[in-house]
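**Student:** One structure follows; several queries about it will come next.
Readers should treat all values here as calculations from the given coordinates under stated rules, not as data from a laboratory. Computed from a predicted model, the values in this text were never measured in an experiment. Ideal geometry is used to build each Cβ from the backbone, glycine not excepted, and the neighbour counts take in all protein chains shown.
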Amino acid sequence: MHYLFAIWDGGGAVPPQLALARGLIDRGHTVTVLADPTLEGEVSAARAEFRSWRRAPHRRTQDETIADDRGISNPSRLVQLLLDELVAAPSARFAADVRDADRERRADVIVAEMPLLGALAAGQALRRPTVALMTLCYAAPHPDLPPFGTGFGPGVGPMSRFRNKIVARLAERLWDRGVEALDATRAELGLGPVGRHLWDQLRQVDRVLVLTSREFDFPCSTLPANVRYVGPQLADPAWAGKDVTLPPGAEPLVLVSFSSTPMEQVSLLRRTLRSLADLPVRALVTTGPAVDPDEVIADVRLRPGISVVRSAPHGAVLTHAAAVVTHAGHGTVVKALSAGVPLVCLPIGRDQPDNAARVVAAGAGIRLKSSASVSAIAQAVERVCSDEAYRSAARTLGASLAREAVSGAALDELEAIARESAASHR
């Protein structure tokens, strides 16, 4: 079968999607990945065929940013930014690029990341099996779940349930400002209106694959019939390399990792470095492609046993780690837990508060504000390294995540949907 993947350069969401592409290729299928030019090397490393977005918004260089949310804390402005630059306003351009790619090489299945509603609508219009990928916890509006991006826990009493309900209703109204633009795209494609709400587009595709574990996510009584939890993908990005040199010494090792995209994280990295200066630990700090290590260590005293590097394969580091200090991106969190390593979470934005809330609910780590002081970060690191309860909880949850990561459930679903379609057309 031939699969067409539509993805955008959204940082940590990229490696799990390319891991699926690589897995399909390993099973004998072919894959074209429609993506930003900045991802061409990653796509080639996955052995897939690369095709650039042409009409749709995309990054041409590492210095460019699509839907730049740095410094935006107002929810209304943030949602409008995403609607204007990714989800709704450019949906016709995403759809056109998908249709062009399919015209050049017909896809048996079209796979697109959740925010690319135009790409999903294009798959629906082409009458091909269409799959939406959620590279995080279940993020569509649902009455059992806290609103996306809030970091709330599930409602456990009248007040928290009321809070979640009101905030969810307000969030849905904000997102629904994109319905008109998406409906215009759908009309161009020969489709009817999406429905009452913007995210009803997800109900109209064949599958929604959630790339995490039910054990990690908050419990949910009922989900749409097309939703499947298929476990996390733990592959490191190609840019992380394969070799790692750990700081010398016998002290517990702390891995520090914040966003691989620009999120104004330099100050937080510096505070974290200072917090480790007087602790009896070693530390490996990976800044990622968005931050120059020299910028982080400026005016910071680096003692022996602490290394700051651009990148390292986290999978290899985590087998030696006692704790992870992180922004709580989904990829970093599930990799740490799968290795049985507890976390100190300092979420900056996006889905990170939600992931941190789930870590704390599982007892597998501590959550602090991203503005936390040097002493607060130091105390949290000391606690997760010394209190066995955190490591025990991380191991318990991590065992489930690790099993699901190697189960092949996501690839099985992608193959099954292709077989079902082929059988229906015989």
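**Student:** Relative to a virtual label point 7 Å from the Cα of Trp239 in the Cα→beta-carbon direction, which members of segment 308-332 show backbone nitrogen distances below 14 Å?
**Tutor:** 310-313
**Student:** Under a cut-off of 27 Å between alpha-carbon atoms, report the lysines in cross-link reach of Lys369, not counting same-chain residues fewer than 8 places apart.
**Tutor:** List returned: Lys165, Lys335.
**Student:** For Val325, enumerate residues with amide H under 5 Å from its amide H, sequence gap 5+ or separate chain, H modeled in the peptide plane.
**Tutor:** Hits under the 5 Å cutoff: Leu255, Val256, Ser257, Val344.
**Student:** Using a Förster radius of 30 Å, what is the FRET efficiency between Glu264 and Glu382 based on their Cβ-Cβ separation? Nearest 0.05, please.
**Tutor:** Plugging the Cβ-Cβ distance into 1/(1 + (r/R0)^6) gives 0.70.
**Student:** Return the FRET efficiency for the residue pair Asp299, Asp278: r is the Cβ-Cβ distance, R0 is 22 Å, and the value is rounded to the nearest 0.05.
**Tutor:** Approximately 0.80, to the nearest 0.05.
**Student:** Taking a point 7 angstrom from the Cα of Arg106 along the C-beta vector, which residues in segment 27-68 have backbone N less than 14 Å away?
**Tutor:** none
**Student:** Could you compute the FRET efficiency for Thr222 and Ala389, with r as their C-beta to C-beta distance and R0 at 30 Å, rounded to 0.05?
**Tutor:** With a Förster radius of 30 Å, E is 0.35.
**Student:** Can you give the extra length, in nm with one decimal, that the chain gains between Val156 and Glu420 once fully stretched, where that is 0.36 nm per residue apart less the Cα-Cα distance?
**Tutor:** Answer, rounded to one decimal: 90.9 nm.
**Student:** If we sort 404-415, 136-147 on the protection proxy, mean other Cβ atoms within 10 Å, highest first, what's the order?
**Tutor:** 136-147, 404-415
**Student:** Rounded, prolate or oblate: which one fits segment 239-404, using the alpha carbon gyration tensor with axes a ≥ b ≥ c (rounded when a/c is under 1.5, else prolate when a/b beats b/c, else oblate)?
**Tutor:** Rounded, because the longest to shortest axis ratio a/c is under 1.5.
**Student:** Evaluate the charge dipole of segment 239-404 about its Cα centre and quote only its size in Debye, nearest 20, assuming +1 on the Cβ of each Lys and Arg and -1 on the Cβ of each Asp and Glu.
**Tutor:** Charge dipole, segment 239-404, about its Cα centre: 200 debye, nearest 20.
**Student:** What distance in nm separates the two pseudo spin-label positions at Arg99 and Leu81, each 7 Å out from Cα along the beta-carbon direction?
**Tutor:** For Arg99 paired with Leu81, the spin-label model returns 3.1 nm.
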